[in-house]
Amino acid sequence: DGSQTPEDFLQAESPLNGIAEDVLQDIMASQAAPESVWENINGFKAAIRWEEPFILALLAFHAITILSTIFVIKRGGMTSRMILLGIIAIIVRSAEYLNQWGNANWESFATQDYFDKKGIFVSLMLSGPLLFLSFFMLIAFLREATTLLVQVKKFELKEKHRKTTASKNGNGKGKKKSGKKNSAKQD
């Protein structure tokens, strides 16, 4: 039978099949890729539309988070610090899921797809700044802990000194009473 179906014709070996692949490889090889870190950073900055509402909302979120972190570190208690740190941890932990959701629904809130399979945009624009704030909070915790440790040690040394001077002066009964009360009792 000499008749061929269209499927047979498409599956037949053609000398043009390899040429198309070679041309694509040549085009990709001749593309200029960023060579330095600064070229990569500038390429990343150029790829983002900074006036887009989604990007502006993300930047506003980071501004609010930075101000909240500074406020909580300076004026907040331990509970507020731990709550903020927990919220940051939850957001960073769910970045993979946010990236998957963004990849599937980017048309509804952005003009271009920022959400690649590897999650580079989400890592750099969401998780990175939040992890930096977490590190900043950790440094503040450590600084506060060292300050408290020094204060406790100073108090212990003063207490030890007070007890040794009291034991030398009054047979260990505590501090000497002031002169006015002693003189009033003696009269």
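The values are calculated or read from the model by the stated rules, or taken from the named source; none is laboratory data. Computed from a prediction, not measured in an experiment: that's the story for all the values here. Counting neighbours? That spans all protein chains shown, and the Cβs are built from the backbone with ideal geometry, glycine included. For accessibility, only protein heavy atoms count, side chains too; no ligands or nucleic acids. Shrake-Rupley method; radii C 1.70, N 1.55, O 1.52, S 1.80 Å.
Just checking, which of LEU98, LEU56, LEU67 is under 20 Å from MET137 (Cα atoms), without any contact (Cβ under 8 Å) to a residue 60 or more places away in the chain and surrounded by 10 or more Cβ atoms within 10 Å (Cβ to Cβ)?
Testing whether each residue is under 20 Å from MET137 (Cα atoms), without any contact (Cβ under 8 Å) to a residue 60 or more places away in the chain and surrounded by 10 or more Cβ atoms within 10 Å (Cβ to Cβ) leaves just LEU67.
Which of the residues spanning the range 116-156 are assigned to a helix (DSSP H, G or I) and small (Gly, Ala, Ser)?
SER123, SER127, GLY128, SER134, ALA140, ALA145
Considering the range 69-90 alone, what residues qualify as being assigned to a helix (DSSP H, G or I) and among the small types (Gly, Ala, Ser)?
SER80, GLY86, ALA89
Among residues belonging to the range 122-135 that are under 23 Å from ILE48 (Cβ atoms) and without any contact (Cβ under 8 Å) to a residue 12 or more places away in the chain, point out the one that is least open to solvent (accessible area, probe 1.4 Å).
GLY128
Please name all residue pairs, on different chains or six or more residues apart, with Cβ atoms under 7 Å, provided the first residue is in the range 107-118 and is on the phi > 0 side of the Ramachandran plot and of a type in the set (Val, Ile, Thr) and the second residue is assigned to a helix (DSSP H, G or I) and open to solvent by 60 Å² or more (accessible area, probe 1.4 Å).
Hits for this filter: zero, empty list.
Could you please find all residues in the range 80-95 being of a type in the set (D, E, K, R), surrounded by fewer than 16 Cβ atoms within 10 Å (Cβ to Cβ) and in contact (Cβ under 8 Å) with a residue 12 or more places away in the chain?
Within the range 80-95, no residue meets the criteria.
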